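Enquirer: Take a look at this one; I'll ask things after.
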Ligand SMILES: [Zn+2]
Ligand SMILES: [Zn+2]
């Protein structure tokens with residue numbers, strides 16, 4: 001099984017590389033998802049993007065000017081990508097069709113050791129050598145609904 005440190009109780013604190021942008025999450029995660037799509041690889045410059053889903057009203061942008069970039073996916077879904085205006089760190093995503101939901105980049109947390117994926121999407125685009133946790137689900141392309149991601153997270157953490 002995947003070794004998973006317990007998820008600490010909120011709040012979780014995070015921010016950007018230069019320190020100007022700070023945020024705080026007051027709620028437990030709903031999903032921990034790694035996306036391997038081309039967009040996420042381009043936008044991060046990394047092999048995939050690890051994001052944590054939370055209710056949007058549990059996420060608080062505390063300080064720092066941010067830039068907003070609206071991306072339209074091939075699926076037609078639109079998402080606002082929020083970055084630090086100074087250093088460009090990608091901080092969080094706001095899907096336009098789901099105003100109650102927000103995804104923040106796990107790597108921007110001050111303490112992110114607990115952020116281990118419970119789901120992987122667009123696995124057919126995954127970089128060679130990518131490893132997958134045995135208890136995380138693997139989805140080809142975009143899941144039909146985000147409930148797939150929430151259910152995967154709940155299934156993993158219900159056991160622990
Ligand atoms: Zn910054
Ligand atoms: Zn993606």
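Enquirer: Given the options 85, 100, 155, name the one that is surrounded by fewer than 19 Cβ atoms within 10 Å (Cβ to Cβ), within 16 Å of ligand 1 (Cβ to nearest atom) and modelled with pLDDT of 95 or more.
Expert: 85
Enquirer: Could I ask something else about it? Only one of these is touching a residue at least 12 places away in the same chain (Cβ under 8 Å), more than 16 Å from ligand 2 (Cβ to nearest atom) and within 17 Å of the chain's Cα centre (by Cα): 143, 99, 95, 134. Name it.
Expert: On inspection, the qualifying residue turns out to be 99.
Enquirer: Anything in region 1-42 that is touching a strand residue (DSSP E or B) at 6+ places or on another chain (Cβ under 6 Å) and within 25 Å of residue 128 (Cβ to Cβ)? List them, or say none.
Expert: The answer is 32, 33, 34, 35, 40.
Enquirer: Still on this structure, please answer the following. Which one of these does residue 75 not meet: (1) surrounded by fewer than 18 Cβ atoms within 10 Å (Cβ to Cβ); (2) assigned to a strand (DSSP E or B)?
Expert: (2)
Enquirer: Now a separate question. Of all the residues that make up region 103-114, how many are buried (at least 18 other Cβ atoms within 10 Å of the Cβ) and within 16 Å of ligand 2 (Cβ to nearest atom)?
Expert: 4
The values are calculated or read from the model by the stated rules, or taken from the named source; none is laboratory data. In this text the structure is predicted, and so the values were computed from the model without any measurement. With ideal geometry, Cβ positions are generated from the backbone for all residues, glycine too; neighbour counts draw on all protein chains shown.
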